[in-house]
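The values are calculated or read from the model by the stated rules, or taken from the named source; none is laboratory data. Quantities reported herein were computed from a predicted structural model and do not represent experimental measurements. Cβ: placed from backbone, ideal geometry, glycine included. Neighbour counts: every protein chain shown.
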């Protein structure tokens with residue numbers, strides 16, 4: 001299930017040159033992942049309250065071109081792989097169809113005390 005998340009670059013997302021600060025791409029893709037989970041019908045607050053936490057295990061990132069103040073950007077999130085406690089997403093930030101940033105993100109499902117948990121059924125179902 002591909003998910004699209006659109007947003008505008010604000011002044012506080014940029015550096016002195018009005019170019020998006022590199023670390024903010026991680027914030028952008030985090031927001032898109034949260035929106036993706038919401039679109040699946042999952043409630044992250046309910047998951048947390050039931051003892052299911054999501055942690056980023058790994059991010060591989062490529063910065064391809066700069067985004068600038070007031071750009072309208074889109075994050076595409078695509079699930080690509082799963083295992084018992086982890087899943088992998090490809091996320092691309094683009095402007096007008098041109099990829100600016102790509103990341104492969106591995107997330108793990110954990111208990112509040114840091115032990116791995118099996119993925120919830122609704123997440124496993126996405127991967128078939």
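At-a-glance table
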| item | result |
| --- | --- |
| Residue tally, condition modelled with pLDDT under 95, more than 15 Å from the chain's Cα centre (by Cα) and part of a strand (DSSP E or B), over segment 83-103 | 0 |
| Search result, residues across segment 105-128 that are part of a strand (DSSP E or B) and either in contact with a helix residue (DSSP H, G or I) (Cβ under 9 Å, 6 or more places away or on another chain) or surrounded by fewer than 16 Cβ atoms within 10 Å (Cβ to Cβ) (or both) | 105, 107, 109, 116 |
| Test: residue in segment 22-37 that is surrounded by fewer than 16 Cβ atoms within 10 Å (Cβ to Cβ), assigned to a strand (DSSP E or B), over 12 Å from the mean Cα position of the chain (by Cα) and modelled with pLDDT of 95 or more | no |
| From the options 65, 46, residue that is touching a strand residue (DSSP E or B) at 6+ places or on another chain (Cβ under 9 Å) and either assigned to a loop (DSSP other than H, G, I, E, B) or free of Cβ contacts under 8 Å to residues at least 24 places away in the same chain (or both) | 65 |
| Residue match in segment 50-59 (condition: touching a residue at least 60 places away in the same chain (Cβ under 8 Å), more than 17 Å from the chain's Cα centre (by Cα), over 20 Å from residue 8 (Cβ atoms) and not in a strand (DSSP E or B)) | yes |
| Residues satisfying the stated conditions in segment 21-43, i.e. touching a residue at least 60 places away in the same chain (Cβ under 8 Å) and either in contact with a helix residue (DSSP H, G or I) (Cβ under 7 Å, 6 or more places away or on another chain) or on the phi > 0 side of the Ramachandran plot (or both) | 40, 41, 42 |
| Some residue of segment 75-85 being surrounded by fewer than 13 Cβ atoms within 10 Å (Cβ to Cβ) and under 17 Å from residue 2 (Cβ atoms) | yes |
| In segment 86-104, residue nearest to residue 30 (Cα to Cα) [restricted to those that are buried (at least 17 other Cβ atoms within 10 Å of the Cβ) and without any contact (Cβ under 8 Å) to a residue 24 or more places away in the chain] | 92 |
